[in-house]
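What follows is one structure encoded as C-alpha cells, with my remarks underneath.
The values are calculated or read from the model by the stated rules, or taken from the named source; none is laboratory data. None of the values given here were measured: they were computed from a predicted structure. Positions of Cβ are backbone-derived with ideal geometry, glycine not excepted, and every protein chain shown enters the neighbour counts. In case anyone asks, the SASA skips ligands and DNA or RNA and just uses the protein heavy atoms, side chains included. Shrake-Rupley method; radii C 1.70, N 1.55, O 1.52, S 1.80 Å.
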Amino acid sequence: VYSFTGVLSVSNQNGDFMNRTITSPLIKTLAPSCTTHFIKGVELIQKSGEADKTIDYGNGTCDDIATETQNGVTTTIHL
C-alpha cells in the first residue's frame, strides 16, 4: 500500500495556474486487479477562471469510481 501527500502547483507566462492539494492522503494498493486507480483520499483542484473542485476517491474499495464536487454539485465519475 502506498500513501501520497503534497501539493502540485504550475503556472504559465500568462498568469494562469493550477494547484492540486491532497487534503486526505491518496491511497494506492498493489493488490491484484487494483493497481490502476487510487482507492481512497481527497484532493482539491484549483484552476484559473474555474471554481474549486474536489475529487474524492472513496473509502478504500478497489473500483474505478470517485466523486467530483464543484459549486456544491457532486457527480459520480469513472476514472
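Laid out as a table, the results:
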quantity	calculated
Verdict on D52 being acidic (D, E) and under 18 Å from Y2 (Cα atoms)	no
Any chance S9 is among the hydroxyl-bearing types (S, T, Y), open to solvent by 70 Å² or more (accessible area, probe 1.4 Å) and not in a loop (DSSP other than H, G, I, E, B)	yes
Selected residue (criterion: nearest to the chain's Cα centre (by Cα)) from residues of region 35-73 that are loosely packed, with under 12 Cβ neighbours inside 10 Å and in a strand (DSSP E or B)	N59
Tally, over region 19-34, of residues that are hydroxyl-bearing (S, T, Y) and part of a strand (DSSP E or B)	3
Residue list for region 41-79, filter: of a type outside the set (A, V, I, L, M) and closer than 16 Å to T29 by Cα	G41, Y57, G58, N59, G60, T61, C62, D63, D64
